[in-house]
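So the structure is just underneath, and the comments pick up after that.
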Amino acid sequence: MEIVLATRNQNKVKELKAILKGLNLKFLTLQDFPDMPDIVEDGKTFEENAVKKAKEIARITGKIALADDSGIEVQALNNAPGVYSARFAGEKAADSANNKKLLGLLKDIPLKKRKARFVCVIAIAEPEGRVYTTEGELKGVIALKFAGKRGFGYDPLFIVPRYKKTVAQLSAGVKNRISHRSKALRKSKGILKQLLN
């Protein structure tokens with residue numbers, strides 16, 4: 001069965017494929033549909049954005065689509081950046097710019113008051129319009145400075161207390177076991193297995 005992963009982000013594609021391996025699926029991405037219009041993520045929640053992306057892509061391609069919307073919520077910033085995580089420092093901002101903005105906003109806040117969580121909502125949509133969603137989260141603390149070379153997004157700033165390391169310092173294997181995205185995806189595996197039957 002073919003499934004369209006609703007992203008052009010190759011880091012995300014690699015992660016999604018690694019976590020979903022073992023299912024009898026052929027993965028397509030938005031790279032396989034060069035004429036696919038950009039879908040405006042104007043939802044107020046991660047779920048609204050994920051559902052909108054999955055439904056649109058399933059409708060346009062006629063195939064099952066899997067979309068995720070994810071981001072970081074920082075308690076001291078009233079859960080910002082939230083749905084604006086990818087464009088926190090501007091519409092096409094690089095990860096480094098988003099991270100620098102976050103560090104700047106937290107500069108006078110001590111480590112113990114820098115609680116945060118990564119959130120991911122996965123939406124799976126069928127071309128006929130049915131949608132299924134799952135959610136995962138990873139709790140942690142925002143570091144005082146960048147640490148680690150792996151991962152992407154806010155990984156170099158997000159300390160996982162259990163490991164006393166940032167996500168960017170963890171191996172891909174550990175990240176794919178504990179991340180917000182892996183938790184949401186593992187829950188969605190059951191849905192995908194039912195759709196395969």
Tell me the strands (runs of 3 or more DSSP E) entirely within the stretch 1-77 that contain at least 2 residues that are surrounded by fewer than 21 Cβ atoms within 10 Å (Cβ to Cβ) and either of a type in the set (Val, Ile, Thr) or in contact with a helix residue (DSSP H, G or I) (Cβ under 7 Å, 6 or more places away or on another chain) (or both). 26-29
Residues that are over 13 Å from ALA65 (Cα atoms) and under 20 Å from the mean Cα position of the chain (by Cα), drawn from the stretch 19-36: ILE19, LEU20, LYS21, GLN31
Considering the stretch 102-144, residues that are within 30 Å of LEU192 (Cα to Cα) and charged (D, E, K, R), and then whichever is surrounded by the fewest Cβ atoms within 10 Å (Cβ to Cβ), we arrive at GLU128
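Being within 29 Å of LYS193 (Cα to Cα) and either in contact with a Phe, Trp or Tyr (Cβ under 9 Å, 6 or more places away or on another chain) or not acidic (Asp, Glu) (or both) is the requirement here; does ALA65 meet it? Walk me through how you get there before you give the answer.
Values: within 29 Å of LYS193 (Cα to Cα): yes; either in contact with a Phe, Trp or Tyr (Cβ under 9 Å, 6 or more places away or on another chain) or not acidic (Asp, Glu) (or both): yes.
Yes; evaluated as a whole, the condition is true for this residue.
Taking the stretch 78-87, which residues are buried (at least 18 other Cβ atoms within 10 Å of the Cβ) and either modelled with pLDDT of 95 or more or over 17 Å from GLY43 (Cα atoms) (or both)?
Of the stretch 78-87, the ones buried (at least 18 other Cβ atoms within 10 Å of the Cβ) are 81, 83, 85-86.
Within the stretch 78-87, PRO81, VAL83, SER85 qualify.
Taking the stretch 29-59 as the region of interest, how many residues are of a type in the set (A, V, I, L, M) and at pLDDT below 95?
Within the stretch 29-59, residues that are of a type in the set (A, V, I, L, M) and at pLDDT below 95 number 4.
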Take the conditions surrounded by 15 or more Cβ atoms within 10 Å (Cβ to Cβ) and modelled with pLDDT under 95 and apply them to LYS175. Does it pass? yes
Residue, surrounded by the most Cβ atoms within 10 Å (Cβ to Cβ), within the stretch 145-168, restricted to residues that are farther than 16 Å from GLU15 by Cβ and hydroxyl-bearing (Ser, Thr, Tyr): THR166
Out of the residues in the stretch 178-197 that are farther than 10 Å from ILE19 by Cα and among the charged types (D, E, K, R), state the one that is modelled with the lowest pLDDT. LYS193
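Yes/no matrix, rows are residues, columns are (1) among the aromatic types (Phe, Trp, Tyr); (2) over 19 Å from ALA67 (Cα atoms):
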site: ALA116; (1), (2): no, yes
site: CYS120; (1), (2): no, no
site: PRO127; (1), (2): no, no
site: VAL131; (1), (2): no, no
site: LEU144; (1), (2): no, yes
site: ILE159; (1), (2): no, yes
site: TYR163; (1), (2): yes, yes
site: SER171; (1), (2): no, yes
site: LYS183; (1), (2): no, no
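From the list ALA123, ALA116, ALA89, ALA97, pick out the single residue that is in contact (Cβ under 8 Å) with a residue 12 or more places away in the chain and either over 17 Å from the mean Cα position of the chain (by Cα) or more than 19 Å from SER179 (Cβ to Cβ) (or both). Spell out the reasoning first.
Values: ALA123 fails: either over 17 Å from the mean Cα position of the chain (by Cα) or more than 19 Å from SER179 (Cβ to Cβ) (or both); ALA116 fails: either over 17 Å from the mean Cα position of the chain (by Cα) or more than 19 Å from SER179 (Cβ to Cβ) (or both); ALA97 fails: in contact (Cβ under 8 Å) with a residue 12 or more places away in the chain.
Answer to the selection: ALA89.
The values are calculated or read from the model by the stated rules, or taken from the named source; none is laboratory data. Note that the structure is predicted; figures quoted are calculated from it, not measured. Every residue, glycine as well, gets a Cβ built from its backbone with ideal geometry; the counts of neighbours run over all protein chains shown.
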